[in-house]
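Take a look at the structure set out below.
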Amino acid sequence: QRRHLRTVQQASRSLLGLLNDILDISKVEAGKLELESIPFEPAQIIHEIRVLFAEAARQKGLRIESEWAGASGQPGQRYLGDPHRLCQMLSNLVGNALHHGSADHPVRIAVDGTRPEEVSITVSNGGTIPAGLLPHLFDPFRGGEREPGRHQGLGLGLFIAHQIVRAHRGAIEAKSQDNVTTFRVTLPRHAPARSAVA
């Protein structure tokens, strides 16, 4: 019964996530992906992500590690932005890393807060993305481009993560070499309120 209940819960979360992704696509297309601009601690977001994905990582035999540079990991160190949306963005990146990662490399979240005007977050995992696919990673509906035998998603997670970063007036890029894939997000320390992606 517990096993069946976990299956139902996982299916429900997947369906809810898909519905939320579709709603976010509608907001992006309408130019209404708005943000709050409130104080938040990056350390708290990283902690929430590690707790959220702990079981998924265990089932795949992967570790989630985090590291900090500068003051961004210290309690009380705050930034202005939308913590809910940033948690969603990081959740999409870590979920993607767990899905495509390999057991010989941990999923690593690194935060660099040493620069005065910005903070950078990187998420890395084992595995290499084909060079021809890299320029299209943030395009929506890339589900048909997955490797044979792998889960066929709609390809919305990275697209939505990209839009959230853009709405914060930040930048996101992906690099894949030497059997390591890394997504790097750079965000201003003070994101504008009620920003939207047109």
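The values are calculated or read from the model by the stated rules, or taken from the named source; none is laboratory data. From a predicted model like this one, the values you see are computed outputs, not experimental measurements. Positions of Cβ are backbone-derived with ideal geometry, glycine not excepted, and every protein chain shown enters the neighbour counts. When the accessible area is computed, the model is the full protein with side chains, heavy atoms only, and any ligands, DNA or RNA have been set aside. Shrake-Rupley method; radii C 1.70, N 1.55, O 1.52, S 1.80 Å.
Key figures for this structure:
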quantity: Subset of the range 95-115 (residues that are aliphatic (A, V, I, L, M) and open to solvent by 40 Å² or more (accessible area, probe 1.4 Å)); calculated: Ala103
quantity: Residue that is modelled with the lowest pLDDT, among those in the range 134-186 that are polar (S, T, N, Q) and surrounded by fewer than 21 Cβ atoms within 10 Å (Cβ to Cβ); calculated: Gln152
quantity: Index of the failed condition, Asp82 passing every other in (1) open to solvent by less than 20 Å² (accessible area, probe 1.4 Å); (2) modelled with pLDDT of 90 or more; (3) of a type in the set (D, E, K, R); calculated: (2)
quantity: Residue match in the range 53-67 (condition: assigned to a loop (DSSP other than H, G, I, E, B), without any contact (Cβ under 8 Å) to a residue 24 or more places away in the chain and under 22 Å from Ile164 (Cα atoms)); calculated: no
quantity: Of residues in the range 116-127 being surrounded by 13 or more Cβ atoms within 10 Å (Cβ to Cβ) and modelled with pLDDT under 90, the one nearest to Val185 (Cα to Cα); calculated: Val119
quantity: Residue pairs meeting the criteria (Cβ under 8 Å; at least 6 apart or on separate chains; first in a helix (DSSP H, G or I), in the range 91-111; second among the polar types (S, T, N, Q)); calculated: Ala97/Ser124; Ala97/Asn125; Ala97/Thr181; Leu98/Asn125; His100/Asn125; His100/Thr181
quantity: Restricting the range 23-51 to residues that are modelled with pLDDT of 65 or more and assigned to a loop (DSSP other than H, G, I, E, B), the residue that is most open to solvent (accessible area, probe 1.4 Å); calculated: Glu36
quantity: Residue check, Ala97 modelled with pLDDT under 80 and under 24 Å from Arg169 (Cα atoms); calculated: no
